[in-house]
Amino acid sequence: SARIGRVMPVIIDEVGEPDDDGDIGATGRSQADAPEIDGNVFLRNVPSGLAAGDIVEVQIEDADAHDLFGYIAKN
């Protein structure tokens, strides 16, 4: 919860398919997190051109015990 409200770099691991509204979600991790071991960063409303391996600045808006939730920060 200490990261809520912060902007942090996130590496994208997986990009989902558009839902019924056309919104695309993605899963990534912060630089300090190891894949499949540490928590994930779940992103909402990502652009269609986003791909695994991309690094984006993410505004963290929520957290649970292990994961963070946010969206790509606008520059």
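The values are calculated or read from the model by the stated rules, or taken from the named source; none is laboratory data. On a predicted model such as this, the values are computed, not experimentally measured, just so you know. Every residue, glycine as well, gets a Cβ built from its backbone with ideal geometry; the counts of neighbours run over all protein chains shown. Ligands, DNA and RNA are excluded from the accessible area calculation, which covers all protein heavy atoms including side chains. Shrake-Rupley method; radii C 1.70, N 1.55, O 1.52, S 1.80 Å.
Could you please let me know if residue 53 is farther than 18 Å from residue 5 by Cα and without any contact (Cβ under 8 Å) to a residue 24 or more places away in the chain?
Answer is no for this residue.
Could you give every pair whose Cβ atoms fall below 7 Å, whose first residue belongs to the range 1-23 and is over 16 Å from residue 64 (Cβ atoms), and whose second residue is acidic (Asp, Glu) and not in a strand (DSSP E or B), counting only separations of at least 6 or pairs across chains?
12/54
Condition first: surrounded by fewer than 15 Cβ atoms within 10 Å (Cβ to Cβ) and over 13 Å from residue 61 (Cβ atoms). Now tell me which residues in the range 1-15 satisfy that.
Passing the criteria: 2, 9, 14.
Can you name every one of the strands (runs of 3 or more DSSP E) wholly within the chain that holds 1 or more residues which are in contact with a Phe, Trp or Tyr (Cβ under 9 Å, 6 or more places away or on another chain) and on the phi < 0 side of the Ramachandran plot?
26-30, 41-43, 55-63, 68-72
Conditions first: (1) at pLDDT 95 or above; (2) open to solvent by less than 70 Å² (accessible area, probe 1.4 Å). Residue 22 passes all but one, so which condition is the exception?
(1)
Tally the residues that are over 18 Å from residue 74 (Cα atoms) and more than 11 Å from the chain's Cα centre (by Cα), restricting the search to the range 23-38.
8
Considering only residues of the range 27-48 that are farther than 14 Å from residue 59 by Cα and aliphatic (A, V, I, L, M), which is most open to solvent (accessible area, probe 1.4 Å)?
Taking the candidates together, the pick is 37.
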